[in-house]
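The values are calculated or read from the model by the stated rules, or taken from the named source; none is laboratory data. Remember, predicted model here, so these are calculated numbers, not experimental data. Methodologically, a virtual Cβ is constructed for each residue, glycine included, from the backbone with ideal geometry; neighbour enumeration extends over all protein chains shown. Side chains included, ligands, DNA and RNA excluded: accessible areas come from the protein's heavy atoms. Shrake-Rupley method; radii C 1.70, N 1.55, O 1.52, S 1.80 Å.
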Amino acid sequence: MTTAAPASRRIAAQSAFELRAVLRNGEQVMVTVLLPLILLGGLARATFVALDTGGATRIDLVTPGVLAFALMSSAFTSPAITTAFDRRNGVLRLMATTPLGPTGLLVGKLVAVLAVQVMQVVVIGGAAVALGWRPEPGGILPAVVAWLLGTTAWGAAALLAAGRVRAEAVIALANLVLVLLAFGGVVLPASVLPAGLAHVVGWLPSGALGESLRAALLHGTWAAGPLAVLAVWAVALSAAAARWFRWS
C-alpha cells in the first residue's frame, strides 16, 4: 500500500507547480515584472514628469514605490484570479479529498507568491542598481517587515475577493484595483497628490506600503505610522478572509 508523501514535500510540489504556472503566464509576467520595469525606467529617466525629490536622486525616490507596486501586484492579482477559478472549477473541493487538502493548496500558493516576490526584488532591484539606485543599508530590516505586512494584507484581500466574487468578475476587479492604486500613493509619494487625496491614501494598505518602503530604503528609518496602518489592514483582512472565504 502506497503512503502519502510528507506534508512538507506535498506543499513544496504544489508551490513549484504554482510558480511554474505564474512564470508561464505571459499576462502575469507582464504585470509582476515587465510593467514595474517600465515604470522604473520611465519615472527615473523621463524629464517630463516633474518630481520633488527633496534632494534625493530620482532613482532613489521612485525605486521603493515601484517595488511596492510590484509586491502588491504579485500578492493580489495572480492569487485572486487563480484561486477564484480554482473555486469555480471545483478544484478546492477536489483538493479536500487529497492528502494535500485545501489548506495545503493555499499554503502552496503563498510559498509561490513569496518566491515570485524574491525574483521581483532581484530583477527590479538589480535594474535599479544599474540605473544608480543606492538604498540605505540600515533600512533593509524595516523594508522586509513592510514587505511581509503588505503581502499578508494583499494576500488576504486576494482570498477575500476570490472567495466571494465570481471568477470572471475577479479578473476585472484585480486589474481595476491595480490600476487605481498604482498611483494612489504607491509608486509616487502621497505628497505629490492633492491634499485631500493624499490624506486618504495614507490610510490605505497601498499607500502605507509605499510610504513604509520609501522611509526604509530612502532614509533608513522605521515609518511607525504607515507600518501600524499596514499591520491593522493585515489583521483585519486576514480575519475577514478566514470568516467569509468560500471553498465552493
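Before we move on, is residue 94 touching a residue at least 12 places away in the same chain (Cβ under 8 Å) and assigned to a helix (DSSP H, G or I)? Considered against the rule, which asks whether it is touching a residue at least 12 places away in the same chain (Cβ under 8 Å) and assigned to a helix (DSSP H, G or I), residue 94 comes out as no. Considered as a group, the residues in the range 19-33 that are aliphatic (A, V, I, L, M) and open to solvent by less than 80 Å² (accessible area, probe 1.4 Å) include one that is farthest from the chain's Cα centre (by Cα), and that residue is 21.
With the structure loaded, tell me whether residue 16 is at pLDDT 85 or above, open to solvent by 30 Å² or more (accessible area, probe 1.4 Å), closer than 22 Å to residue 115 by Cα and not hydroxyl-bearing (Ser, Thr, Tyr) or whether it fails that test.
Details: at pLDDT 85 or above: yes; open to solvent by 30 Å² or more (accessible area, probe 1.4 Å): yes; closer than 22 Å to residue 115 by Cα: yes; not hydroxyl-bearing (Ser, Thr, Tyr): yes.
Here the answer is yes, as residue 16 does meet what is asked.
Cβ-Cβ distances below 6 Å connect the following pairs, each with a first residue in the range 135-155 that is more than 11 Å from residue 68 (Cβ to Cβ) and of a type in the set (A, V, I, L, M), a second residue that is assigned to a helix (DSSP H, G or I) and open to solvent by 50 Å² or more (accessible area, probe 1.4 Å), and a separation of six or more residues or different chains: 153/233.
Restricting attention to the range 218-228, which residues are over 17 Å from the mean Cα position of the chain (by Cα) and either acidic (Asp, Glu) or in a helix (DSSP H, G or I) (or both)? If the condition is that a residue be over 17 Å from the mean Cα position of the chain (by Cα) and either acidic (Asp, Glu) or in a helix (DSSP H, G or I) (or both), then 218, 219, 224, 225, 228 are the ones that fit. Listed by first and then second residue, the pairs with beta-carbon distance under 8 Å, at least 6 apart or on different chains, first residue in the range 206-232 and modelled with pLDDT of 95 or more and of a type in the set (Phe, Trp, Tyr), second open to solvent by less than 20 Å² (accessible area, probe 1.4 Å) and in a helix (DSSP H, G or I), are 222/142; 222/215; 222/216.
For the range 70-91: of the residues being more than 21 Å from residue 166 (Cα to Cα) and touching a residue at least 60 places away in the same chain (Cβ under 8 Å), which is surrounded by the most Cβ atoms within 10 Å (Cβ to Cβ)?
By that ranking, first place goes to 71.
For the range 85-95, the criterion of being at pLDDT 90 or above and within 22 Å of residue 116 (Cα to Cα) is satisfied by no residue at all. Among the residues examined, residue 61 does not qualify as part of a loop (DSSP other than H, G, I, E, B) and within 18 Å of residue 182 (Cα to Cα). Of all positions in the range 142-154, none carries a residue that is modelled with pLDDT under 90, closer than 24 Å to residue 206 by Cα, among the hydroxyl-bearing types (Ser, Thr, Tyr) and touching a Leu at 6+ places or on another chain (Cβ under 7 Å).
Residues that are surrounded by 15 or more Cβ atoms within 10 Å (Cβ to Cβ), assigned to a helix (DSSP H, G or I) and free of Cβ contacts under 8 Å to residues at least 24 places away in the same chain within the range 156-196 comprise 183, 184, 190, listed in sequence order. Within the range 130-153, the residues that satisfy the criterion of being open to solvent by 20 Å² or more (accessible area, probe 1.4 Å) and part of a helix (DSSP H, G or I) are 130, 137, 138, 140, 141, 144, 145, 147, 148, 149, 152.
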